[in-house]
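Note sheet for the following structure.
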Amino acid sequence: MPDTLHLSTRPVVLFDFDGTLADTSPAILRMARMALGNRGYDVDSLGDMTSLIGPPLYDGFMDLCHVDLDEAIAITNEYRKLFNAEVKPEDYPPLPGVPELLQALVDRGTRIAIATSRLESMAIEMINALGLPPFEVIVGRLEPGRDTKADCIREAMRQLGVTCDEVVMVGDRKHDTQGAHACGIPCIAVYTGTAKPGEHEEVGADVICHGMGEVAKVLGVSL
């Protein structure tokens with residue numbers, strides 16, 4: 001870890017949700033396959049769908065299926081209908097070490113919050129069902145009005161009333177680093193199984209970790 005960052009002394013930690021705190025990948029991919037099948041796509045021909053985990057769903061479906069925004073919205077609406085009906089809290093458990101990391105930060109007096117690209121109403125419902133230590137704010141996408149990861153990070157900082165030098169972001173995809181840097185804050189990127197090898201290095205993540213044990217060390221707490 002670069003000494004100049006002093007990340008362990010920052011009083012606020014923003015976390016991504018999907019793939020960072022919770023193992024939502026199986027549920028996301030299962031619902032995506034169902035939604036695409038219902039829309040008439042040959043799901044097996046689409047290849048690797050892990051690109052759907054991280055970015056806003058509209059963007060993910062546009063890239064995966066090579067379709068326009070209107071069709072991506074239709075797929076997303078079908079996906080959300082299925083997700084709301086089918087997915088339960090046991091389908092997206094916290095990743096190993098997450099409850100312990102969050103509790104250690106709270107016990108130290110660090111403020112924790114969420115900045116996610118997931119639709120805000122769904123994010124709040126899902127996070128509250130997991131029984132994790134409480135987050136001071138949970139900020140997600142709004143449609144319309146809050147579209148990008150940077151938008152969500154910026155709004156979380158506004159609600160917290162903090163400046164750039166008080167905050168560090170923790171996320172598992174390149175969008176987290178890109179959004180954090182757009183807001184002038186550093187990002188701890190963690191490989192949890194969703195990002196492709198080299199993804200965090202390519203976008204210049206400030207610190208790269210493998211698992212929450214390493215994240216805890218960077219943040220100056222022990223699990």
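Defining a contact as two alpha carbons under 8 Å apart and six or more residues distant in sequence, what relative contact order in percent does the chain show?
In percent, rounded to a whole number, it is 25.
Taking H as built 1.01 Å from N, whose amide H comes closer than 5 Å to the amide H of CYS209, not counting residues under 5 places away?
The answer is ALA189, VAL190, TYR191.
Based on a Kirkwood Rh over C-alpha pairs, give the Stokes-Einstein translational diffusion coefficient of region 54-160 at 37 °C and viscosity 0.692 mPa s in µm²/s.
D = 215 µm²/s.
What is the sum of charges around MET31, taking Lys and Arg as +1, Asp and Glu as -1, for the other residues whose C-beta is under 14 Å from the C-beta of MET31?
So the environment of MET31 carries a net charge of +3.
For ARG111, ARG141, what's the largest-to-smallest order of accessible area, 1.4 Å probe?
ARG111, ARG141
Can you order the peptides 217-223, 86-92 by their average number of other Cβ atoms within 10 Å per residue, highest first?
Those peptides, ordered most packed to least, come out 217-223, 86-92.
With point charges of +1 on the Cβ of Lys and Arg and -1 on the Cβ of Asp and Glu, referenced to the Cα centre of the chain, which listed residue (ASN84, SER51, MET126) lies farthest in the positive direction of the dipole?
MET126
When the accessible area of region 116-164 is computed with all protein chains present and a 1.4 Å probe, what percentage of it is carbon and sulfur?
C and S fraction of accessible area: 52 percent.
Semi-axes of region 113-223's equivalent ellipsoid from the Cα gyration tensor, sqrt of 5 times each eigenvalue, largest first, rounded to whole Å?
Rounded to whole Å, the semi-axes are 21, 17, 15.
Can you give the percent of C-alpha pairs in the chain whose distance is more than 21 Å?
Distances greater than 21 Å cover 52 percent of the Cα pairs.
Give the distance, in whole Å, between the Cα centre of region 4-70 and the Cα centre of region 136-215.
Result: 15 Å between the Cα centres.
The values are calculated or read from the model by the stated rules, or taken from the named source; none is laboratory data. Here the structure is a predicted model, which is why all the values come from computation and not from measurement. Please note: Cβ atoms are built from the backbone with ideal geometry, for glycine as well, and neighbour counts cover all protein chains shown. Only protein heavy atoms, including side chains, enter the accessible area calculation; ligands, DNA and RNA are left aside. Shrake-Rupley method; radii C 1.70, N 1.55, O 1.52, S 1.80 Å.
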